[in-house]
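J.: This is the structure I have questions about; it appears just below.
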Amino acid sequence: MLKITNLQKTFNPGTVNAKTALDGIDLHLKNGDFVTVIGSNGAGKSTLLNAIAGVWKPDFGTIEIDGIDVTQMPEYRRAKFLGRVFQDPMKGTAPDMEIAENLAIAARRGTKRRFVWGVRKEERVRYKKLLATLELGLEDRLSSKVGLLSGGQRQAITLLMATLNRPKLLLLDEHTAALDPKTAPKVLELTDQIVHKNKLTTLMITHNMKDAIAHGNRLIMMHEGRIVVDISGDEKKKLTVEQLLNLFTQASGGAVDDEMVLS
Amino acid sequence: MAFIYALPGAVAEGLIWGLMAIGVYLSYKVLDIADLTVDGSVCTGACVCAVLLARGAPVWLCVIAAFFAGALAGVITGLLHTALGIPSILAGILTQLMLYSVNLYILGGRSLVAINPRASKLLVHMSNNLRSIVAMGIFVTATIIALWLFFYTEIGLTLKSTGDNPDMSRAQSVNVKFSQVLGLAISNGIVALAGSMLAQYKGSANINDGRGAIVIGLAAIFIGLSVSLKIKPNFVVSLIGVVGGGIVYYIVYSFVILLGLKTDYLKMLSAIIVAVFLAVPYLKREYFTRQRELHPNDTNARIGGGENA
Ligand SMILES: Nc1ncnc2c1ncn2[C@@H]1O[C@H](COP(=O)(O)OP(=O)(O)OP(=O)(O)O)[C@@H](O)[C@H]1O
Ligand SMILES: [Mg+2]
């Protein structure tokens, strides 16, 4: 499904600010894998997802999606294969456009845009049904500007947009981190539903270790641009937060991260 | 009394600048690009029109040719920006400078080419303001309807989303660069079309036509939107507001001229109007609102803080 080989990326090479964000990543995802990604700030998690999405080109290595080498493909063309939800709820939707228009643009992901009606009548019916499944009361607001909605509502719509046109790979970058403690679990549950219903291959970054354990069938931990822990199957099911913290301490060379918080 | 006499002319010319302001609205508001090409493309439209009329071309052909000449200028700016990575504001300035030479070339090295209103059948001319107002009214209405329909098409929607949120657009497989080039082409096409009307109305094309057009366009947009957004914040009402803004601008303009102010000083007035409108939102934000304090709300086990993407 996804095959990443020896991926490397250094930002600002040759300057004092040079930063190797990806240091030889090898990652192989099977069809239907739901992988959670953890790691401390600056570990390179977002950089990995951005590399897959094609925000910029890597310095070295290749990325294959479903047997197609996309390493040199521009971001907008690669988007054909990818559904993406960002950490910032403002980033995934166009605020000045209607909910229906946002969904209609997403429904045409990967197709050539033509000189025909942009939101057809029957689409509106479909969107209404889909929005109803979110249970956020959005089904009667198809013509509302997305900018009027809350962060959680916008993130739920982004999730819908990312999966409207079934993606080969779903990329979620801390997509619940900016939401309040009540909304975040809802959006996460919705994510689970959508992923399972559509059997989507998924990469989900999270800072929440409980979530990382509870969701998906595989967990990887990144540190300084490398994948340092990779657990799947039964081993992952039995994992506890303590064990994960221990693994993290070992991987990061002993010292417990200052920013590590336990509740 | 003199003011009343000047009114029809102000409305006619205001409609021409209102049409131009619709073009500016497309780049500035829809695409979110401050495109300085327009100062040049107004003039290109005027020059193309005057020169073709002088060669005996029918007026409709001159207007269409002006549109495409402007669109081409927009494409150049768009390519400088998207294909060569030049910041959009500089790309516009570069094209504007190129257009000065191009416009001189079109005018055959002269700085002014006159249009003989008796020799060619014109759509608008200052000798007949009523007719000009009707003709411009039809043009403006047709443009608004065409744009209104266009922005409901698949391509139109991607143009809107490109300006509204380029990250989201790319993630939804929108070719943002193409959208920008296309949008700048349409925008400058309309601007040049307005330029061709201006040349007909005044009876000449001058190499200095269009200087400061971007500022007039922005003034019309700000004046118009300050009213229309309060009525209904949708596309058509905004465009009507923008045209209205152009008319108001020209009525004020003729009034100030009647008061005896030299037209040269009016550019100062326009610039101040635009500066004020641009500054107000910033001043409001900066001095009249207090930032809410951030409060920590995380209770879950976390590695790191996760504040940035
Ligand atoms: N566009 C960029 N330009 C320069 N440096 C960058 C850029 N993007 C990321 N980096 C650097 O690369 C490193 C990895 O960043 P990345 O955003 O991938 O971390 P992350 O694991 O997602 O962290 P977080 O949990 O804070 O989101 C960091 O040191 C960061 O400063
Ligand atoms: Mg990140």
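The values are calculated or read from the model by the stated rules, or taken from the named source; none is laboratory data. For clarity, every value in this text was computed on a predicted model and none was experimentally measured. Here the Cβ is made from the backbone with ideal geometry for all residues, glycine too, and neighbour counts use every protein chain on show. Ligands, DNA and RNA are excluded from the accessible area calculation, which covers all protein heavy atoms including side chains. Shrake-Rupley method; radii C 1.70, N 1.55, O 1.52, S 1.80 Å.
J.: With no solvent and one point per C-alpha, what does the Debye sum give as log10 I(q)/I(0) for chain A at q = 0.11, 0.12, 0.14 Å⁻¹?
T.: For chain A at q = 0.11, 0.12, 0.14 Å⁻¹, log10 I(q)/I(0) is -0.63, -0.75, -1.00.
J.: Which FRET efficiency value, to the nearest 0.05, is calculated for A:Trp117 and B:Tyr282 with the Förster distance at 41 angstrom and r the Cβ-Cβ distance?
T.: Numbers: r = 39 Å, r/R0 = 0.95.
After rounding to 0.05, the efficiency reads 0.60.
J.: Under a point-charge model restricted to the Cβ atoms of Lys and Arg (+1) and Asp and Glu (-1), what is the dipole moment magnitude of chain A relative to its Cα centre, in debye to the nearest 20? Could the numbers behind the result be given before it?
T.: Numbers: 37 positive and 31 negative charges, 294 e Å.
Here the size comes out at about 1420 debye.
J.: Residue by residue through the stretch B:163-171, what is 3J(HN,Hα) from phi via Karplus (6.51 cos²θ - 1.76 cosθ + 1.60, θ = phi - 60°)? Round to whole Hz and write x for glycine and proline.
T.: Ordered by residue, 3J(HN,Hα) equals x, 6, 7, x, 4, 4, 4, 4, 5 Hz.
J.: What are the residues whose amide H is under 5 Å from the amide H of A:Arg84, where those residues sit 5 or more places off or on another chain and H is modelled from the backbone?
T.: Correct list: A:Leu171.
J.: Next question, about the same structure. Please work out the C-alpha center-to-center distance from the stretch A:126-148 to the stretch A:171-203 and express it in whole Å.
T.: Taking the Cα centre of the stretch A:171-203 as reference, the centre of the stretch A:126-148 is 18 Å away.
J.: Ignoring ligands, DNA and RNA, what percent of the 1.4 Å accessible area of chain B is carbon and sulfur?
T.: On the way: 9900 of 14780 Å².
Exposed carbon and sulfur together represent 67 percent of the surface.
J.: How shielded is A:165-174 by partner chains, expressed as the average number of their Cβ atoms within 10 Å of its Cβ atoms?
T.: Working: counts 2, 0, 0, 0, 0, 0, 1, 0, 1, 4.
Per-residue shielding by partner chains comes out at 1.
J.: While we're looking at this one, here's another question. Report ³J(HN,Hα) in whole Hz for each residue of the stretch B:133-141, in order, from the Karplus equation J = 6.51 cos²θ - 1.76 cosθ + 1.60 where θ = phi - 60°; Gly and Pro get x.
T.: 4, 4, 4, 5, x, 5, 4, 4, 4
J.: Continuing with the same structure: When the accessible area of chain A is computed with all protein chains present and a 1.4 Å probe, what percentage of it is carbon and sulfur?
T.: Details: 6000 of 11990 Å².
Ligands and nucleic acids excluded, carbon and sulfur give 50 percent.
J.: Using amide H atoms built 1.01 Å from N in the peptide plane, name the residues 5+ places from B:Ile33, or on other chains, whose amide H lies under 5 Å from its own.
T.: Those qualifying (amide H under 5 Å, at least 5 residues apart or on another chain) are B:Tyr28.
J.: Where does each of B:Tyr287, B:Tyr250 land when they are ordered by accessible area, with a 1.4 Å probe and the largest first?
T.: Values: B:Tyr287 155, B:Tyr250 15 Å².
The most accessible residue leads, giving B:Tyr287, B:Tyr250.
J.: Scan around A:Arg113 for amide H atoms under 5 Å from its own, H built in the peptide plane at 1.01 Å from N, and keep only partners 5 or more places away or cross-chain.
T.: Hits under the 5 Å cutoff: none.
J.: Starting from the Cα of A:Lys145, draw a straight line to each of the lysines and keep only those under 22 Å, dropping any in the same chain fewer than 8 residues away.
T.: List returned: A:Lys91, A:Lys121, A:Lys128, A:Lys129, B:Lys29, B:Lys160, B:Lys230, B:Lys232.
J.: Sticking with this one: Calculate the length of the line joining the C-alpha centroid of the stretch A:1-75 to that of the stretch B:39-84, in whole Å.
T.: 46
J.: Okay, next question. Could you calculate the FRET efficiency of A:Thr5 with B:Thr141 from 1/(1 + (r/R0)^6), where r is the beta carbon distance between them and R0 is 60 Å, rounded to 0.05? Write out the running numbers ahead of the final one.
T.: Values: r = 59 Å, r/R0 = 0.98.
FRET efficiency, A:Thr5 to B:Thr141: 0.55.
J.: Let me ask something else. Given 4 °C and 1.567 mPa s, compute D for the protein assembly as shown with the Stokes-Einstein relation, Rh being the Kirkwood radius over Cα pairs; round to the nearest whole µm²/s.
T.: Working: Rh = 26.4 Å.
Result for D is 49 µm²/s.
J.: While we're here: With every protein chain present, what accessible area does A:Asp59 have (1.4 Å probe, heavy atoms only), rounded to the nearest 10 Å²?
T.: About 90 Å², ignoring ligands and nucleic acids.
J.: Could you report the protein assembly as shown's accessible area per residue, 1.4 Å probe, as an integer in Å²? Each step should come with its number before you reach the end.
T.: Values: 26770 Å² over 572 residues.
Ligands and nucleic acids excluded, the figure is 47 Å² per residue.
J.: Taking the Cβ-Cβ separation of A:Thr62 and A:Lys30 as r and a Förster radius of 22 Å, what is the calculated FRET efficiency to the nearest 0.05? Write out the running numbers ahead of the final one.
T.: Values: r = 18 Å, r/R0 = 0.81.
Result of the calculation: an efficiency of 0.75.
J.: Just how large is the dipole of the protein assembly as shown about the Cα centre, in debye to the nearest 20, putting +1 at every Lys and Arg Cβ and -1 at every Asp and Glu Cβ?
T.: Working: 57 positive and 44 negative charges, 393 e Å.
For the protein assembly as shown, the charge dipole is close to 1880 debye.
J.: Let me ask something additional. What list of ³J(HN,Hα) values in whole Hz, one per residue of the stretch B:12-19 in order, does the Karplus curve 6.51 cos²θ - 1.76 cosθ + 1.60 (θ = phi - 60°) give from phi, with Gly and Pro shown as x?
T.: Those phi angles translate into 4, 5, x, 5, 4, 6, x, 4 Hz.
J.: Now a separate question. On each of the three principal axes of the Cα atoms of the stretch B:9-211, give max minus min coordinate, whole Å, ordered largest first.
T.: Rounded to whole Å, the extents work out to 56, 34, 26 Å.
J.: Let me ask something else. Between A and B, buried accessible area summed over both sides at probe 1.4 Å, in Å² to the nearest 100? Mind dumping the intermediate values first?
T.: Working: alone 13760 and 16790 Å², together 26770 Å².
Chains A and B together bury approximately 3800 Å².
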